[in-house]
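Below is one structure; the comments refer to it alone.
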C-alpha cells in the first residue's frame with residue numbers, strides 16, 4: 001500500500017522551474033567536468049533512488065527516452081513504479097541500446113564497453129550513465145584535463161567503477177564515440193564527458 | 001502577458017525542453033559535433049533565430065539576465081523582438097550590458113568585452129554545416145565528418161588563394177574544435193573567431209530550420225583553418241571608431257551622404273556606449289574637444 | 001555630431017499597429033467573420049489545415065483572416081500553434097475504404113463498384129467570371145444520393161485482388177511509424193516519413209515537381225487509378241477500452257496513382273503505386289503528392305535516380321514552405337556585419353588589382 005502511494009508522490013513541486021534548476025546544474029557540470037554542482041532536495045523518491053538521481057531522472061527522462069536500470073533499482077517495485085509514473089520512460093534490459101543508464105551499485109555495474117557508444121556518424125546516440133556515489137570527498141584523487149577545464153582540475157569521487165582509469169582510457173580512445181558519466185552524490189552532482197582525460201593523483 | 005498567458009514558461013512545453021536539453025548535454029560532450037534535434041515551429045520565422053530561441057528557452061530560468069544582440073547591437077529590430085519575446089514568456093530580467101548578462105543570445109557577432117565564467121553565449125545559426133556549400137547532401141557531409149575527411153574544405157580555401165591571393169572567406173570562417181570537428185561559427189565575421197578559443201564562457205549554437213544543436217565548452221581549443229604560408233588573419237580597420245575612438249573593435253560602415261562620405265562606428269553598441277560613458281571620444285562624437293584623446 | 005539610430009521597439013510597435021489597420025481595411029466595410037471564411041473560402045481553409053498539419057476549420061479560418069489571406073503566413077500561424085499542443089497519442093490509420101464519399105473518380109475504369117461520382121468539382125465548369133457572384137444570389141439545393149454505400153472498394157484493392165498491382169508498402173520489420181514533427185529527419189527516409197513530409201509540403205512546390213515527372217524528368221507513366229474525397233472517422237485506441245474510441249470525422253482527399261509496371265525473371269509484371277492523402281479537398285495537392293511519392297520510390301524500386309523529383313534529400317529538404325519562406329525572407333534581416341567583412345575584402349582585392357595593373361603598365365612602358 002505504501003509502495004503504491006509512493007509512486008504518485010515525491011515528484012517536483014514545480015515541474016517547470018525545478019527541472020530547469022536541475023538541468024542547469026547538469027549543463028554546467030557537463031561543461032565543466034569535475035566541477036561539483038549543488039542540487040537542492042527537490043524530489044522524494046522511493047529507495048534506492050536518491051534525491052539527486054531521481055531529480056536527474058525527472059529532469060531528463062520521458063517517453064522518448066530509453067533507460068537501462070541496474071539490478072538494485074530495477075528490482076525495486078517502488079522505485080520502478082515511481083520512475084514510470086513520474087517520467088513515462090521506456091525501459092530496456094539492453095545497456096547497449098540505452099540513452100540513459102541508472103546505476104546504484106557502481107561496484108557490480110557492467111563495463112563501460114557494454115553501453116551504447118553511438119556510431120561515428122551519430123556519436124550522440126550513446127548512453128549517458130548516471131552513477132550513484134556517496135559524495136565528492138573521496139580519498140583517491142583524479143586529475144582531469146580537457147575541454148571545459150582550464151589547465152587541470154582535481155576530482156575526488158567517493159567511489160568509481162572498477163578499473164576506472166583503464167576503462168575510461170578505452171572510452172576516450174574511441175572518440176567521438178563513447179559514453180558520458182554523471183555522478184550523483186548527496187546534494188550534488190558532477191560529470192565526466194567523453195572528452196575528459198583522466199589520470200591518477202592530484203593536480 | 002495576457003496574449004501569451006496560455007503558453008508555458010519560456011514558451012516551449014516541457015517535453016520539448018527535455019528533448020532540447022538532452023541534445024545540449026550531448027553537444028557539450030562532443031564539442032563541435034552537430035546534434036540533430038526535433039526543432040519545433042516557433043512563433044517567429046525559420047531563419048530568424050528559431051534555433052537560438054529554442055536553446056535559450058530550454059536553458060533560461062527565473063534567475064537569469066538575458067541580453068540579445070543582432071549585428072552586435074541590442075537595438076536592432078530582431079534583437080528587440082526576441083528580447084521582448086523572452087520578457088513576455090519568461091518574465092526574465094534583461095540587460096544590454098554584456099558584463100551583467102548570464103545568457104547572451106547573438107546573431108552574427110561575439111561581444112567585444114571578454115566573456116566570463118558562468119556566462120552562456122547562444123548563437124543563432126542559419127546553416128550549421130560548414131561543408132554544406134561544398135557538398136549539399138547531408139548524407140555525404142555526415143560521412144565526411146565521421147571519417148574526419150576535411151580535404152574538400154582545404155581545397156576550397158586553397159582555391160581562394162590561387163584565385164585571389166587570399167582566403168576569400170570573411171565571415172562564417174570554418175574552425176576546427178579540439179582537433180576533431182570542423183565547425184561553422186555561424187555568420188560572425190572572422191574577426192570574432194579568436195574569441196571562441198579558450199573562452200571561459202559556454203558557447204551553444206542553435207540551428208532551428210536545419211534542426212541541429214552544437215556546442216563549445218569553456219576552455220576549448222578552437223582553431224581557424226589556415227595554411228602555413230597563408231596563416232589566418234582577422235580584419236583590421238584603418239581608423240578608430242568615430243564615436244568612442246576604439247581601435248581594434250569591429251566597425252560598421254555608416255553611409256553619411258551620397259557622395260561617398262562614410263564613417264566607421266563600433267558594431268558592438270554596448271562596448272561603444274560603455275567607452276563613451278567612461279569619457280572616450282571619437283572624431284565625430286558629441287564633444288569633439290575631447291576627440292584628441 | 002552623429003547619433004546612432006535607436007528605437008527598434010517603437011518602430012516594431014508602430015508597424016504592428018499599421019499592420020492591424022491594413023488588415024481591417026475600410027472600417028465601413030463589415031469585418032469578415034470566421035464562419036464566412038470557413039463556409040465560403042473553404043478550400044483556402046483546407047490548404048491551411050493540410051500544410052499547417054492541424055485539422056481545425058475555425059483556427060485555420062482565423063489564421064487566414066489574421067494573415068490577410070497570405071496562405072503561407074496562415075499555415076505558419078497554425079504550425080506555430082500546433083507545436084505547443086500536448087500529444088495524447090496516435091490514432092489508428094484512417095480507413096478510406098469506409099469513407100463517406102462526396103466525389104470519387106477513376107481514370108482507369110469506365111465503371112466500377114461504387115460508381116463514379118463527380119461531386120463538387122471545378123473540372124467541367126467553364127472558367128468564365130460570373131458577375132452574378134458579385135452580389136448575394138440564391139443558390140439551388142444540390143441533388144443527393146438516396147443511399148450511400150457503407151464501403152466503397154478502392155481501385156487499387158480491386159486491381160490487387162489478382163496481383164495486377166503491388167501490395168500496399170510495408171515498413172521494415174520491427175520499425176514503428178515515425179513522426180517527423182517529433183524527431184529530426186535523417187536521410188535516407190522510409191516511406192512513412194516521406195509521405196508525412198509530402199502531405200504537409202508546399203502545394204506549389206510539389207505541383208511543379210509532379211509536372212516535371214510528366215515532362216520526362218523521371219517519367220512514371222501514371223494513371224489516376226482513383227481520387228476520392230469525403231469524410232473518414234478518426235479513431236483512437238484507449239488502453240482501458242476494448243474498442244477504439246471515435247474522435248470525430250475529418251474530410252480528406254486520397255489519390256492512388258497506378259504507375260509503370262515492373263517485373264523480373266522471378267516476379268511477374270505488376271503495376272506500381274504512388275500515394276497521396278491530404279486534409280480537406282485538394283485534388284491538385286494529393287495528385288502531386290502521389291506523383292512525387294512514386295518518383296521518390298526510385299531507390300526502393302531499383303530505378304536510376306536522374307531527376308530532381310527522385311532526389312529524396314532535395315525534395316524533402318525543400319518542400320516545407322514554412323522553412324523555405326523563413327530562410328528566403330531572413331535576407332531582410334540586417335547583415336551589415338558580414339557585408340562589411342565582404343566589402344573590406346573586395347576593397348582590398350581591388351586595391352591589389354590596381355597596384356598589379358600599375359606595375360604591369362610600368363614594366364610595359366620600361367620595355368617599350
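The values are calculated or read from the model by the stated rules, or taken from the named source; none is laboratory data. None of the values given here were measured: they were computed from a predicted structure. No Cβ is skipped: glycine too gets one built from the backbone with ideal geometry, and neighbour counts run over all protein chains shown.
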Does residue C:98 satisfy the criteria of being surrounded by 13 or more Cβ atoms within 10 Å (Cβ to Cβ), in contact with a helix residue (DSSP H, G or I) (Cβ under 7 Å, 6 or more places away or on another chain) and under 27 Å from residue C:244 (Cβ atoms)? no
Exactly one of these conditions fails for residue C:313: (1) within 14 Å of another protein chain (Cβ to nearest Cβ); (2) without any contact (Cβ under 8 Å) to a residue 24 or more places away in the chain. Give me its number. (2)
Could you identify the single residue in B:101, B:146 that is away from every other protein chain (no Cβ under 12 Å) and modelled with pLDDT of 95 or more? B:101
Looking at residue B:20, is it farther than 30 Å from residue A:129 by Cα and either in a loop (DSSP other than H, G, I, E, B) or in contact with a helix residue (DSSP H, G or I) (Cβ under 7 Å, 6 or more places away or on another chain) (or both)? no
Based on what the data block shows, is residue C:291 away from every other protein chain (no Cβ under 12 Å), over 25 Å from residue B:71 (Cβ atoms) and surrounded by fewer than 19 Cβ atoms within 10 Å (Cβ to Cβ)? no
Answer yes or no: is there a residue in the range A:15-25 that is closer than 17 Å to residue A:130 by Cβ, crowded, with 19+ Cβ neighbours inside 10 Å and away from chain B (no Cβ under 14 Å). no
Against the conditions (1) part of a loop (DSSP other than H, G, I, E, B); (2) at the interface with chain C (Cβ under 8 Å from one of its Cβ atoms), where does residue B:31 fall short? Just the number, please. (2)
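Do the conditions hold for residue C:80, that is, is it within 18 Å of the chain's Cα centre (by Cα), part of a helix (DSSP H, G or I) and more than 14 Å from chain B (Cβ to nearest Cβ)?
no
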For residues in the range B:1-28 being facing chain C (nearest Cβ under 9 Å) and modelled with pLDDT under 95, which is nearest to residue B:214 (Cα to Cα)? B:16
So residue A:131 clears everything in (1) touching a helix residue (DSSP H, G or I) at 6+ places or on another chain (Cβ under 6 Å); (2) part of a helix (DSSP H, G or I); (3) away from chain B (no Cβ under 12 Å); (4) buried (at least 21 other Cβ atoms within 10 Å of the Cβ) except one condition, right? Which one? (2)
Looking only at the range A:138-158, decide whether some residue is touching a helix residue (DSSP H, G or I) at 6+ places or on another chain (Cβ under 7 Å), farther than 18 Å from residue B:179 by Cα and either modelled with pLDDT under 95 or part of a helix (DSSP H, G or I) (or both). no
Restricted to the range B:280-293, and to residues that are within 14 Å of another protein chain (Cβ to nearest Cβ) and at pLDDT 50 or above, which residue is nearest to residue B:262 (Cα to Cα)? B:284
Kindly indicate whether any position in the range A:2-11 is surrounded by 20 or more Cβ atoms within 10 Å (Cβ to Cβ) and either within 11 Å of chain B (Cβ to nearest Cβ) or closer than 24 Å to residue A:178 by Cβ (or both). no
Within the range B:34-55, considering residues that are closer than 20 Å to residue A:30 by Cβ and facing another protein chain (nearest Cβ under 7 Å), the one surrounded by the most Cβ atoms within 10 Å (Cβ to Cβ): B:37
Go through (1) in contact with a strand residue (DSSP E or B) (Cβ under 7 Å, 6 or more places away or on another chain); (2) within 30 Å of residue C:179 (Cα to Cα) for residue A:70 and report which single condition fails. (2)
Residues in the range A:54-73 that are buried (at least 20 other Cβ atoms within 10 Å of the Cβ) and farther than 18 Å from residue A:179 by Cα total 5
Report, by residue number, each residue of the range B:56-98 that is within 12 Å of chain C (Cβ to nearest Cβ), within 27 Å of residue B:253 (Cβ to Cβ) and assigned to a helix (DSSP H, G or I). B:77, B:78, B:79, B:80, B:81, B:82, B:83
Are there any strands (runs of 3 or more DSSP E) wholly within the range B:164-279 with 1 or more residues that are within 9 Å of chain C (Cβ to nearest Cβ), and if so which? B:212-216, B:251-255, B:262-266
Could you list, in sequence order, the residues of the range B:176-192 that are under 24 Å from residue B:73 (Cβ atoms) and more than 10 Å from the chain's Cα centre (by Cα)? B:184, B:190, B:191
Would you pick out the residues in the range B:125-143 that are more than 14 Å from chain C (Cβ to nearest Cβ) and surrounded by 14 or more Cβ atoms within 10 Å (Cβ to Cβ)? B:130, B:131, B:134
Taking the range A:74-110 and keeping residues within 14 Å of chain B (Cβ to nearest Cβ) and either in a loop (DSSP other than H, G, I, E, B) or surrounded by fewer than 18 Cβ atoms within 10 Å (Cβ to Cβ) (or both) leaves A:88, A:89, A:90, A:98, A:99
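Can you give me the number of residues within the range B:115-149 that are under 21 Å from residue B:171 (Cβ atoms), in a loop (DSSP other than H, G, I, E, B) and free of Cβ contacts under 8 Å to residues at least 60 places away in the same chain?
The number of residues fulfilling the criteria is 7.
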Search the range A:111-128 for residues being touching a residue at least 40 places away in the same chain (Cβ under 8 Å), more than 8 Å from chain B (Cβ to nearest Cβ) and surrounded by 15 or more Cβ atoms within 10 Å (Cβ to Cβ), and hand back the single one that is farthest from residue B:20 (Cα to Cα). A:112
Complete set of residues in the range C:188-233 that are under 28 Å from residue C:151 (Cα atoms) and in a loop (DSSP other than H, G, I, E, B): C:200, C:222
crowded, with 21+ Cβ neighbours inside 10 Å and within 30 Å of residue B:42 (Cα to Cα) - does that describe any residue in the range B:253-268? yes
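So that you can scan it fast, the table gives a plain yes or no per residue for (1) modelled with pLDDT under 90; (2) within 30 Å of residue C:298 (Cα to Cα):
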residue: C:319; (1), (2): no, yes
residue: C:323; (1), (2): no, yes
residue: C:333; (1), (2): no, no
residue: C:357; (1), (2): yes, no
residue: C:362; (1), (2): yes, no
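Given the structure, is residue C:185 part of a helix (DSSP H, G or I), touching a residue at least 40 places away in the same chain (Cβ under 8 Å) and either surrounded by 15 or more Cβ atoms within 10 Å (Cβ to Cβ) or within 14 Å of chain B (Cβ to nearest Cβ) (or both)?
Criteria not met by residue C:185.
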